[in-house]
């Protein structure tokens with residue numbers, strides 16, 4: 001019997017190898033595959049296959065200090081040959097090598113309490129079966145209108161502007177005009193916040209129509225409500241009432257229809273408070289992260305502003321988890337958290353040293369306030385309480401500059 005191809009070292013299962021078959025070449029291949037599958041552990045799920053930032057610290061909380069370097073992929077050295085038949089893989093699922101199924105994958109998301117305090121959790125990538133079973137085929141008219149792209153704000157060519165793509169969920173064919181009005185209103189709220197307000201000319205805004213079979217989103221007004229919508233938006237995600245999740249794969253398929261996509265905002269057709277930030281997503285379309293928000297809640301725009309602090313400004317969260325203790329890692333890359341003291345920043349001319357002692361729009365003077373990046377100790381933030389710590393606040397001075405730098409990365413300035 002010819003040698004069975006070996007699993008690459010990166011994925012090598014622990015324990016004894018599967019027993020060799022005594023069947024002659026060309027016989028019993030199906031039985032052998034079943035046997036191997038039964039005795040081979042499920043392939044580990046790694047960060048490479050999750051469209052999220054997998055780097056976590058104690059307590060399971062994400063951290064903005066860079067992604068772990070991926071390992072080099074191994075290559076199989078041998079294959080089992082079935083007599084004169086073409087070599088075949090044995091015991092591997094018929095999908096991209098080593099990739100877990102959608103049902104097994106998870107994503108890190110950020111959500112907000114009614115008091116505006118951000119938190120993190122992990123949710124499955126797969127859409128719940130209860131939502132999938134509610135889907136029905138759309139009519140010809142609905143399909144014809146689905147995916148229509150409209151320019152809301154046009155300030156220049158896409159390669160010279162920051163392109164914001166707004167996609168609605170829970171809007172029927174008859175409600176697409178309502179969606180366009182909601183998108184314009186939400187952008188007006190977002191762009192009223194500095195530094196957006198002083199840089200409105202740097203943005204293009206597009207809407208992409210996602211036609212839903214039913215109006216509204218699942219989980220509104222009650223937990224058991226199920227709606228048939230284009231993006232499967234739903235409250236009560238991970239059993240958290242205010243967490244508004246979506247099918248991120250479907251979001252990408254709609255975002256790709258726009259001329260360009262640097263930022264993506266999904267509006268759920270609801271007046272209920274809620275939203276989410278998928279901060280670790282890096283899409284092949286070009287955007288980093290997805291923000292979800294309720295269309296008709298007055299505070300939902302703040303969710304989007306906070307999330308763009310991550311995607312555009314590359315800002316870290318400035319709140320903490322007490323269980324994380326003291327940070328002992330390297331100096332973070334994020335521009336708004338540091339291990340350094342005021343004296344060290346001045347001496348090294350590093351981080352926000354230019355703004356030290358200046359009045360900040362979120363209140364108080366810029367300094368080094370202990371706690372940030374999910375750690376109560378070992379890291380400092382520039383001010384007491386900016387929007388990267390609590391919704392409803394302003395960006396602090398270093399945060400504003402980081403946002404402006406992010407705008408210019410997309411405009412080529």
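The values are calculated or read from the model by the stated rules, or taken from the named source; none is laboratory data. The shown structure was predicted, so the numbers you read here are calculated from the model rather than taken from an experiment. Please note: Cβ atoms are built from the backbone with ideal geometry, for glycine as well, and neighbour counts cover all protein chains shown.
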* **Hey, residue 382 more than 24 Å from the chain's Cα centre (by Cα), modelled with pLDDT of 95 or more and surrounded by 22 or more Cβ atoms within 10 Å (Cβ to Cβ) or not** => yes
* Structure fact -> By residue number, the members of the range 159-176 that are buried (at least 17 other Cβ atoms within 10 Å of the Cβ), outside any loop (DSSP other than H, G, I, E, B) and either within 24 Å of the chain's Cα centre (by Cα) or free of Cβ contacts under 8 Å to residues at least 12 places away in the same chain (or both) are 162, 163, 164, 165, 166, 167, 168, 169
* Asked: Is there a residue in the range 215-225 that is more than 18 Å from residue 300 (Cα to Cα), assigned to a loop (DSSP other than H, G, I, E, B) and touching a residue at least 60 places away in the same chain (Cβ under 8 Å)?
  -> no
* Asked: Is there a residue being assigned by TED's automatic domain parsing to the domain that holds residue 139, in contact with a strand residue (DSSP E or B) (Cβ under 7 Å, 6 or more places away or on another chain) and assigned to a helix (DSSP H, G or I) anywhere in the range 268-278?
  -> no
* Check 403, 345, 340 and return the single one that is in contact with a strand residue (DSSP E or B) (Cβ under 8 Å, 6 or more places away or on another chain), at negative phi and assigned to a helix (DSSP H, G or I). => 345
* Scan (1) under 30 Å from residue 163 (Cβ atoms); (2) crowded, with 22+ Cβ neighbours inside 10 Å; (3) touching a strand residue (DSSP E or B) at 6+ places or on another chain (Cβ under 9 Å) for the single condition residue 332 breaks and write down its number. => (2)
* Answer with yes or no whether residue 413 is under 26 Å from residue 162 (Cα atoms), modelled with pLDDT under 95 and in a loop (DSSP other than H, G, I, E, B). => yes
* Of the numbered conditions (1) in contact with a helix residue (DSSP H, G or I) (Cβ under 7 Å, 6 or more places away or on another chain); (2) assigned to a helix (DSSP H, G or I), residue 181 satisfies every one except a single condition; which is it? -> (1)
* Can you name every residue in the range 378-400 that is outside any loop (DSSP other than H, G, I, E, B) and either assigned by TED's automatic domain parsing to the domain that holds residue 160 or touching a residue at least 60 places away in the same chain (Cβ under 8 Å) (or both)? -> 381, 398, 399, 400
